[in-house]
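Here's the structure, in structure tokens; my notes come after.
Readers should treat all values here as calculations from the given coordinates under stated rules, not as data from a laboratory. Everything numeric in this text was worked out from a predicted model, so none of it was measured. Quick reminder, even Gly has a Cβ in these numbers, built from the backbone with ideal geometry, and neighbours come from all protein chains shown.
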Amino acid sequence: MPMILDIDDLRNIAKRRIPRAIFDYADGGSYQERTLRANAADLDAMTFRQRVMVDVSAVSLATTVLGSAISMPLAIAPTGLAGLFHADGEILGARAAAAFGIPFCLSTMSICSIEDVRAATPQPFWFQQYLMRDRGFNQELIERAIAAQCSALMLTLDLQVLGERRRDARNGLSIPPRLSLRNAWDVATKPSWAMKVLFGKRRTFGNLVGHLRGASGMLNLAAWTQSQFDASASWRDVEWVRSRWPGRLILKGVLDAEDARLALAAGADAVVVSNHGGRQLDGAPSSISVLPEVVTAIDGRCEVLFDGGIRSGQDVAKALALGARAGLIGKSFLFALAAAGETGVTRALEIMRDELRVTLALTGTTSVAAAGPHMLRKP
């Protein structure tokens with residue numbers, strides 16, 4: 001295993017180990033990828049206020065999210081197809097998160113099912129779903145999440161219409177898939193990846209198998225899911241989910257102060273400031289640029305989580321400084337998973353933990369609770 005010092009090291013290993021179509025599925029964004037780039041650029045443009053001669057001999061990263069104690073202000077975001085980045089990827093991610101003492105959120109579009117992950121992991125996890133045209137399937141997923149004792153439900157709001165991800169189309173990762181000699185050669189040159197995925201617990205969308213009569217293959221299930229994104233969904237439908245889910249409700253995809261207030265009215269226990277990793281509305285603002293206005297609109301009435309471009313513990317510190325309760329990692333998680341499975345995810349969490357601890361210390365901040373705008377230099 002080469003030396004791994006940051007998330008870019010894991011990304012570089014992942015790029016060598018998995019097919020290009022799978023790598024680009026995580027790495028890319030929609031249209032010209034302007035919002036994807038802005039997520040990283042706007043975080044990079046922020047600078048810290050260095051402080052000296054402050055006693056930082058004991059820096060605590062411990063905090064709580066939705067009433068549960070966690071070891072640091074970070075969670076693993078829901079990511080579709082994680083089981084194609086590494087065999088049993090969702091199980092490995094959930095185990096790494098549980099061992100580290102942070103939340104893991106399972107995607108509806110996971111390869112391993114809710115039941116697979118629950119049977120294989122020691123701690124409750126979060127579950128993510130979309131508002132689909134088939135409300136009966138939404139109800140079924142809610143019931144399965146309740147049975148699995150999921151500790152929170154995360155409803156993704158920004159996928160009523162699917163954004164065009166042009167890297168996926170160019171790589172043939174589309175409905176129907178576009179096969180080419182390059183695709184075939186790319187897979188053929190990744191035999192270790194292919195064998196592991198082939199012999200993993202599942203090779204299709206685990207949460208969807210059995211719902212469509214006579215359809216179990218990934219192509220059929222992916223086509224059905226693409227037809228299920230509901231352009232007519234409204235806040236009344238969010239309230240419908242709230243009325244059926246008895247636990248904590250997280251609403252993901254809030255990128256505007258007005259929507260933050262509507263999320264509160266719909267019964268959110270937490271909102272996630274997110275632009276879907278730059279994969280939906282290209283030209284939308286970076287998540288970090290709108291985090292302060294959402295925090296102001298929420299005004300402490302529920303928790304605010306941050307998702308969008310986190311590649312380091314320093315990025316987490318910047319989100320905390322602007323009022324986020326914790327950050328979520330999606331792309332960084334998938335790169336770590338593809339690079340080295342559970343070991344890779346653990347290494348990514350270790351890197352972010354250490355970077356966050358050092359950054360807090362060098363800004364004179366001794367705990368997550370003490371983080372705030374004073375950590376940053378104003379432009």
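Could you pull out every one of the lysines with an alpha carbon less than 25 Å from that of residue 190, ignoring same-chain neighbours closer than 8 positions?
By straight Cα distance, residue 190 reaches 15, 201, 331.
Which whole-Hz couplings ³J(HN,Hα) result when phi for each residue of region 299-311 is put into the Karplus expression 6.51 cos²θ - 1.76 cosθ + 1.60, θ = phi - 60°, listed in order with x for Gly and Pro?
Karplus-based 3J(HN,Hα) across region 299-311 equals 6, x, 7, 7, 8, 10, 10, 10, 9, x, x, 5, 10 Hz.
Residue by residue through region 81-87, what is 3J(HN,Hα) from phi via Karplus (6.51 cos²θ - 1.76 cosθ + 1.60, θ = phi - 60°)? Round to whole Hz and write x for glycine and proline.
6, 4, x, 8, 7, 7, 3
Which whole-Hz couplings ³J(HN,Hα) result when phi for each residue of region 40-51 is put into the Karplus expression 6.51 cos²θ - 1.76 cosθ + 1.60, θ = phi - 60°, listed in order with x for Gly and Pro?
6, 5, 6, 5, 4, 6, 6, 10, 8, 9, 6, 10
Which order do 351, 146 fall in if you start with the one that has the fewest other Cβ atoms within 10 Å?
On the way: 351 21, 146 15.
By the 10 Å Cβ count, ascending: 146, 351.
Could you list which residues have their amide H under 5 Å from that of residue 48, counting only those 5 or more apart in sequence or on another chain, with H placed in the peptide plane?
Answer set, sorted by chain and number: 377.
With r defined as the distance between the Cβ atoms of residue 55 and residue 354 and R0 fixed at 25 Å, what FRET efficiency is calculated, to the nearest 0.05? Each step should come with its number before you reach the end.
Values: r = 20 Å, r/R0 = 0.79.
For R0 = 25 Å, the calculated efficiency reads 0.80.
Give the relative contact order (percent, whole number) for the chain; include only Cα pairs under 8 Å separated by 6+ residues.
Working: 764 pairs, mean separation 104.2, N = 379.
28 percent.
Show the residues, 5+ positions off or on another chain, whose built amide H is closer than 5 Å to the amide H of residue 326.
Under 5 Å from the amide H of residue 326: 306.
Using the alpha-carbon centroid of each, what span in Å lies between region 267-339 and region 76-97?
20 Å
Could you please rank 125, 23, placing first whichever residue has the fewest other Cβ atoms within 10 Å of its Cβ? Present the calculation step by step, with values, prior to reporting the outcome.
Details: 125 25, 23 22.
Neighbour counts put them in this order, fewest first: 23, 125.
In region 301-376, which chymotrypsin sites (Phe, Trp or Tyr not before Pro) are in a loop and have at most 13 other Cβ atoms within 10 Å, using DSSP for the loop call?
On the way: sites: 306, 333, 335; in loops: none.
Answer in residue order: no site qualifies.
Report the dimensions of the chain along its three principal axes from the alpha-carbon atoms, largest first, rounded to Å.
For the chain, the Cα extents along the three principal axes come out at 65, 50, 41 Å.
Using modelled amide H (1.01 Å from N, peptide plane; none on Pro or chain starts), what sits under 5 Å from the amide H of residue 230, excluding residues fewer than 5 places away?
Result for residue 230 returns 133.
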